[in-house]
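Below is one structure, written out as structure tokens, with a few remarks after it.
The values are calculated or read from the model by the stated rules, or taken from the named source; none is laboratory data. Computed from a predicted model, the values in this text were never measured in an experiment. Cβ sites come from the backbone with ideal geometry, for glycine too, and all protein chains shown count toward neighbours.
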Amino acid sequence: MFDGLSEKFGDIFDRLKKRGALSPSDVSDAMREIRLALLEADVALPVVKNFIDQVKEQAVGHDVIKSVTPGQMIVKVVNDHLIKMLGPEDAVINTAAAAPVPILMVGLQGSGKTTTTAKLAFRLKNKERKKVLVAGLDVARPAAQEQLAQLAAQAEVTGLSPVFGEQPLGIAKRAMETGRREGFDVVILDTAGRLAINQELMSEVAEIRNVVIPAEVLLVADAMGGQDAVNVASEFNEKVGITGIVLTRVDGDARGGAALSMRSVTGCPIKLMGVGEKLDALETFQAERIASRILGMGDIVGLVEKAGEVADQVEAEKAAKRALKGQFTLEDLQQQLAQVKNMGDVNSLMGMLPGIGKMKKQIADANIDDRMIARQEAIILSMTLKERRNPKLLNAKRRKRIAAGSGTSVQDVNRLLKQFQQMATMMKKMGKKGMKDLMPGMGSGMMGSMMPPPGIKF
């Protein structure tokens, strides 16, 4: 997400930083380019105009223009206003009401509403230790209730059993009664969608809202919908009233105009974003981190948090100590690769690294993706335990056997071993220099295993 916008912003700010002293005309030219970049990203015109006016007013001020590093100051101004546009920072799901807390999921058909319902249930169960009941209110779309039941089973939460002929309002009432009777903390109601906004849809949702009095009315909107998604959000907010937005398919949208427009247009915060197909691929939408990624500064905090969720802290620390002593093995590398796989889509993770937008060509040449990680892991798993712990044993005959066992070529095996050797050498040098702390939960260079050294393709 935001790839195109981040690249354009990076070019604009690089030029500003190189100039040193800036004149008001330099700032005006930069603002014009930023305006075009935002419009190309499908950000709503009124939002763009307001953003540019605010940034320009502050950027041409005496403190910025006359500062020692005016280029950096302008980046800070843009960053601050991006956060303001995307905010607020405390956009959390409200589960503090009396149990069972009703959460109403609304949106158009095809936005990913049912899948998001299951993801939210999974998140509340695992991160907040809530007992969650999900109920499908869509009786119009074939197999909609069955789909939610299957997803609920995968998320290991309870799904309300469907009753033949029962209408949405009746399902909602029964779900709340079941929630109260069986001691559920949260009841998530997945309402029906339509292909387009119409009076029937709005009336149905409004009726359910009036009966269950939800703590949250979350609009599920497709990030790839651009201005259409913004218009949908405005309509739902006006006719039904929404308390927050969940953006889906964020990992597939390169422009990001919907995310940048929705908060400003509706006044409602974006609370969550879907970043993949798995049940755990639902993240908190944090304005500060998103702004950093747009400006090419990455999201190291988010990356460390992801790593911490999948890494065994004790084992990670042991691996780090061994690596810094020059004892890094292929077994350690395989464990790191497994952790990277568990963290989610590789391209999404790469987007969290600072300055990654400027390395697009190198990344493309290196063929870094989930398949590359899987191939590397397959090669290591085709080795014996002795070979993993002592790569010096890997002669030509053994490498041929490993290639055959992993479904790769001898050249692939050689590339991996070269990459491993370079990593091991680098870590040994770190140890000699007295580097004592690596990022928490990251192990001994976990992210380094994602990026082949210069000149290494895989």
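In the set V186, V211, which member is more than 26 Å from E238 (Cβ to Cβ) and β-branched (V, I, T)?
Just a single option satisfies the conditions, and that option is V186.
Being part of a loop (DSSP other than H, G, I, E, B) and either of a type in the set (S, T, Y) or outside the structural domain of V205 (by TED's automatic domain parsing) (or both) is a property that does not hold for T114.
Just a yes or no: is a residue in region 208-223 free of Cβ contacts under 8 Å to residues at least 12 places away in the same chain and either more than 23 Å from the chain's Cα centre (by Cα) or assigned by TED's automatic domain parsing to the domain that holds N237 (or both)?
yes
Here region 254-276 is the region considered, the condition is being touching a residue at least 60 places away in the same chain (Cβ under 8 Å), out of contact with any strand residue (DSSP E or B) (no Cβ under 9 Å at 6 or more places or on another chain) and not β-branched (V, I, T), and the residue that is farthest from D42 (Cα to Cα) is S264. Contact map, region 125-144: residues that are assigned by TED's automatic domain parsing to the domain that holds M202 and more than 17 Å from R180 (Cα to Cα) paired with residues that are in a helix (DSSP H, G or I) and of a type in the set (D, E), Cβ distance under 9 Å, separation 6+ or inter-chain. Pairs shown: G136/E146; L137/E204.
Of the residues contained in region 386-403, none is found to be without any contact (Cβ under 8 Å) to a residue 24 or more places away in the chain, more than 20 Å from F328 (Cα to Cα), assigned by TED's automatic domain parsing to the domain that holds E331 and within 35 Å of the chain's Cα centre (by Cα).
The condition (being out of contact with any Cys (no Cβ under 6 Å at 6 or more places or on another chain) and buried (at least 16 other Cβ atoms within 10 Å of the Cβ)) is satisfied by just one residue among E204, E146: E204. Of the numbered conditions (1) under 30 Å from the mean Cα position of the chain (by Cα); (2) more than 20 Å from V217 (Cβ to Cβ), P162 fails exactly one; give the number of that condition. Failed condition: (1).
Count, please, the residues in region 2-55 that happen to be assigned to a loop (DSSP other than H, G, I, E, B) and at negative phi.
The qualifying residues number 6.
Between G179, G183, the distinction of being under 20 Å from V101 (Cβ atoms), surrounded by fewer than 20 Cβ atoms within 10 Å (Cβ to Cβ) and in contact (Cβ under 8 Å) with a residue 24 or more places away in the chain belongs to G183 only. Taking the numbered list (1) out of contact with any Asp or Glu (no Cβ under 8 Å at 6 or more places or on another chain); (2) more than 24 Å from K428 (Cβ to Cβ); (3) modelled with pLDDT of 80 or more in turn, V275 passes all entries but (1).
Identify, please: which residue in region 243-257 is modelled with pLDDT of 80 or more and buried (at least 24 other Cβ atoms within 10 Å of the Cβ) and is, among those, nearest to L120 (Cα to Cα)?
V246
Looking only at region 350-401, which residues are among the basic types (K, R) and at pLDDT 55 or above?
Of everything in region 350-401, those that are among the basic types (K, R) and at pLDDT 55 or above turn out to be R371, R375, K386, R388, R389, K392, K397, R398, R399, K400, R401.
Within region 125-153, the set of residues being closer than 19 Å to I93 by Cβ, of a type outside the set (D, E) and not in a helix (DSSP H, G or I) comprises R129, K130, K131, V132, L133, V134, A135.
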